[in-house]
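Enquirer: Here it is, the structure in full.
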Protein chains: 2
Amino acid sequence: MSNFWNKNVQKLDPYVPGEQPKDKKYVKLNTNENPYPPSPHVLDAIKQAVNDQLRLYPDPNCDEFRKTAADHFHLTPDQVFVGNGSDEVLAFSFMSFFSPENPVAFADITYSFYKVYANLCSLTPKIIPLDQEFKLPVASFCETSGGVVIPNPNAPTGRGLPLDAVKEILEANPDQVVIIDEAYIDFGGTSVVPLINDFPNLLVIRTLSKYSSLAGIRVGFALGQKELIDGLNRTKNSFNSYTIDRLALAGAKAAIDDDNYYRDMAQRIINTREHTAASLEAIGFQVIPSQSNFLFVSHADVPAEEIFHELRARGVLVRYFNQPRIANYLRITVGTDEEMGKLLDALKDILKK
Amino acid sequence: MSNFWNKNVQKLDPYVPGEQPKDKKYVKLNTNENPYPPSPHVLDAIKQAVNDQLRLYPDPNCDEFRKTAADHFHLTPDQVFVGNGSDEVLAFSFMSFFSPENPVAFADITYSFYKVYANLCSLTPKIIPLDQEFKLPVASFCETSGGVVIPNPNAPTGRGLPLDAVKEILEANPDQVVIIDEAYIDFGGTSVVPLINDFPNLLVIRTLSKYSSLAGIRVGFALGQKELIDGLNRTKNSFNSYTIDRLALAGAKAAIDDDNYYRDMAQRIINTREHTAASLEAIGFQVIPSQSNFLFVSHADVPAEEIFHELRARGVLVRYFNQPRIANYLRITVGTDEEMGKLLDALKDILKK
């Protein structure tokens with residue numbers, strides 16, 4: 001604690017990202033990165049942008065990327081906002097649309113950054129418990145008096161939400177912004193982007209970090225009606241005019257353009273996920289049905305925390321959250337078939353002890 | 001205005017960056033970019049980082065860059081904070097160290113983003129007028145009761161501040177954070193980085209956008225005692241864990257490492273500045289003595305706004321601020337000798353009309 005910190009900073013409880021280890025090479029299944037490389041077209045586009053023009057500021061309005069994304073999603077460029085990763089887009093959203101007078105609703109088991117943002121913005125969270133099977137209680141999200149944030153599929157559970165459920169929540173909260181965080185949508189979920197023109201209160205947030213295999217260049221974006229996008233721009237332009245650099249802009253545009261490549265990679269990940277889930281069940285794991293690029297699992301006999309440490313000792317990193325209700329679960333990113341083979345070998349070794 | 005925006009967003013008055021024109025090729029002297037390309041080593045380092053590893057998150061703590069910068073400035077890595085451009089570092093600083101109870105002091109003529117940040121953070125600005133010659137009234141900055149932000153050299157005037165003046169302000173405000181924004185320090189100013197270990201209240205902010213010719217990759221950093229850096233990290237990690245991408249990290253480290261290259265380029269810019277200043281004076285401009293990579297000038301006979309438009313029509317972009325006290329001034333970035341030749345030709349053409 002320091003006297004130079006203002007009251008807000010003193011009370012912050014910052015997010016802790018999954019570790020990016022440097023001590024040795026791991027099978028890295030802890031931060032939901034894509035196991036496949038970015039599209040070759042993306043790497044080419046970025047390489048071409050590594051030139052003397054880096055002396056110049058990037059386009060602060062990201063016009064080219066917004067046009068590309070708008071075309072891809074059948075929207076208009078003024079319905080697209082770009083940020084430095086979807087985390088920044090989420091931060092700006094919390095800063096723009098939620099107020100201390102009304103609670104912001106999210107699930108008890110969800111992306112843990114939401115409560116950090118609420119704290120940063122001095123908001124009151126309304127924590128809504130998932131049901132016993134980690135399903136989202138749609139009715140409870142219809143009975144709230146403030147904003148709503150829901151990842152679809154949810155993290156760290158991987159469970160997806162049907163379109164009708166989101167529609168119900170949107171209809172029940174016409175005066176409040178409902179954020180649907182679609183970071184993992186492309187691994188089998190149902191996107192609500194087609195609802196945008198019907199619901200002025202809907203903001204969909206996407207990232208290039210997962211599906212587009214570009215966690216290393218930091219681009220996320222929001223899709224919604226112009227009013228919401230304008231609000232995000234007001235906040236962004238009061239914070240930092242140039243949030244997306246020239247290289248990220250070049251790569252991001254190419255990623256949207258090369259969707260065929262990424263659809264194939266996503267299908268591979270889905271295939272690997274399904275047979276890995278079956279293999280995990282075969283050795284005694286309970287596996288939550290996943291529509292994402294990770295599996296949320298629990299073993300009847302061995303505590304998750306113990307498995308986590310044993311896996312780490314065997315060179316396999318997964319994510320363990322020491323939190324109520326999920327302290328006996330592990331979140332395992334779906335890697336390549338080879339990586340999942342190593343995971344399963346390590347788990348069999350741990351379980352036979 | 002939208003009902004979905006919270007009260008804070010409704011009252012924001014966002015920053016307007018200098019234009020990045022797309023209609024045609026200009027002699028671009030409006031956003032203080034470096035006219036020389038980034039160091040070849042920097043471009044190489046970035047190119048090498050354009051690889052499959054972009055699928056992975058960057059190091060959220062920027063350890064390598066922080067170590068490199070710490071060595072360069074004779075500090076320790078825990079005295080270095082990295083952000084997505086110095087604007088982001090400034091935003092986090094305002095969010096971390098200033099409070100609504102105390103006014104934050106800055107000059108009437110200064111970087112116009114400061115009042116935007118104050119507004120974003122619901123702070124009360126204490127606006128201190130520069131004197132008639134646009135010199136900073138040091139005594140007034142010693143008589144304030146809250147935080148202080150001063151660019152050295154100041155923008156858009158270009159005037160530098162001697163080390164003793166900053167020291168006096170630091171000594172007079174022991175309980176308040178004093179931010180010295182050294183975006184333009186390497187073009188002839190006197191850095192106060194050597195004071196850091198003596199003053200726990202001193203935060204120095206730097207950017208790679210000007211001196212390092214890397215406006216296109218968005219890296220800025222802060223130097224200060226650990227307590228202040230920890231405060232910035234608390235805010236940053238409540239906002240976005242991964243603000244600097246892999247490519248920017250690679251380029252930023254290489255830029256610090258190749259200081260010889262940049263020192264030569266800065267010397268060229270200083271030389272061009274001095275003979276351009278003399279040439280401008282010779283055609284009737286008043287030129288404020290500059291320690292930066294831009295000149296702040298005014299003409300006795302022709303209004304600045306008129307010159308601005310006439311220059312634009314002739315393919316030369318400079319910056320005009322329609323603000324009290326400086327509405328008859330232009331801020332002109334120092335480009336190459338060739339670019340300044342074009343500027344002077346255009347000006348002579350405008351003045352002879």
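Enquirer: Quick one: would you say A:Gly216 is closer than 26 Å to B:Cys62 by Cβ, of a type outside the set (D, E, K, R) and without any contact (Cβ under 8 Å) to a residue 24 or more places away in the chain?
Expert: Numbers: closer than 26 Å to B:Cys62 by Cβ: yes; of a type outside the set (D, E, K, R): yes; without any contact (Cβ under 8 Å) to a residue 24 or more places away in the chain: yes.
Answer is yes for this residue.
Enquirer: Among the residues of the range A:156-168, is any surrounded by fewer than 24 Cβ atoms within 10 Å (Cβ to Cβ) and under 30 Å from B:Leu12 (Cα atoms)?
Expert: No, the conditions are met nowhere in the range A:156-168.
Let's see how each residue does on (1) crowded, with 22+ Cβ neighbours inside 10 Å; (2) more than 9 Å from chain B (Cβ to nearest Cβ):
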position: A:Arg206; (1), (2): yes, yes
position: A:Lys210; (1), (2): yes, yes
position: A:Leu223; (1), (2): yes, yes
position: A:Ala248; (1), (2): yes, no
position: A:Ala255; (1), (2): yes, yes
position: A:Asp264; (1), (2): no, yes
position: A:Gln267; (1), (2): no, yes
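Enquirer: Tell me whether the range A:177-187 contains one or more residues that are aromatic (Phe, Trp, Tyr) and buried (at least 22 other Cβ atoms within 10 Å of the Cβ).
Expert: Looking only at the range A:177-187, we keep the residues that are aromatic (Phe, Trp, Tyr), and these are A:184, A:187.
From the residues that got through so far, the ones that are buried (at least 22 other Cβ atoms within 10 Å of the Cβ) too are A:184, A:187.
Yes.
Enquirer: Of all residues in the range B:9-21, count the ones that are in contact with a helix residue (DSSP H, G or I) (Cβ under 8 Å, 6 or more places away or on another chain) and more than 7 Å from every other protein chain (Cβ to nearest Cβ).
Expert: Number satisfying all stated conditions: 2.
Enquirer: Take A:Lys11 and decide whether it is surrounded by fewer than 18 Cβ atoms within 10 Å (Cβ to Cβ), assigned by TED's automatic domain parsing to the domain that holds A:Arg273 and farther than 30 Å from A:His309 by Cβ.
Expert: Numbers: surrounded by fewer than 18 Cβ atoms within 10 Å (Cβ to Cβ): yes; assigned by TED's automatic domain parsing to the domain that holds A:Arg273: yes; farther than 30 Å from A:His309 by Cβ: yes.
Against the criterion (surrounded by fewer than 18 Cβ atoms within 10 Å (Cβ to Cβ), assigned by TED's automatic domain parsing to the domain that holds A:Arg273 and farther than 30 Å from A:His309 by Cβ), A:Lys11 qualifies.
Enquirer: Among the residues of the range A:284-309, what is the count of those that are closer than 29 Å to A:Ser213 by Cβ, out of contact with any His (no Cβ under 9 Å at 6 or more places or on another chain) and in contact (Cβ under 8 Å) with a residue 24 or more places away in the chain?
Expert: Result for the range A:284-309: 12.
Enquirer: Specify which of the listed residues (B:Arg234, B:Arg273) is touching a Ser or Thr at 6+ places or on another chain (Cβ under 9 Å), of a type in the set (D, E, K, R) and within 13 Å of chain A (Cβ to nearest Cβ).
Expert: Numbers: B:Arg273 fails: within 13 Å of chain A (Cβ to nearest Cβ).
Being touching a Ser or Thr at 6+ places or on another chain (Cβ under 9 Å), of a type in the set (D, E, K, R) and within 13 Å of chain A (Cβ to nearest Cβ) holds for just one of B:Arg234, B:Arg273, which is B:Arg234.
Enquirer: Have a look at A:Leu202, A:Leu214 and point out the one that is within 9 Å of chain B (Cβ to nearest Cβ) and crowded, with 24+ Cβ neighbours inside 10 Å. Steps first, answer last, please.
Expert: Details: A:Leu202 fails: within 9 Å of chain B (Cβ to nearest Cβ).
Among A:Leu202, A:Leu214, only A:Leu214 is within 9 Å of chain B (Cβ to nearest Cβ) and crowded, with 24+ Cβ neighbours inside 10 Å.
Enquirer: Check A:Asn154, A:Asn119 and return the single one that is in a loop (DSSP other than H, G, I, E, B), in contact with a Leu (Cβ under 9 Å, 6 or more places away or on another chain) and not aromatic (Phe, Trp, Tyr). Please lay out each step first, then the result.
Expert: Values: A:Asn119 fails: in a loop (DSSP other than H, G, I, E, B).
The conditions single out A:Asn154.
The values are calculated or read from the model by the stated rules, or taken from the named source; none is laboratory data. If you're wondering where the values come from, they're calculated on a predicted model, not measured in any experiment. Note that we place each Cβ from the backbone using ideal geometry, even for glycine, and neighbour counts take in every protein chain shown.
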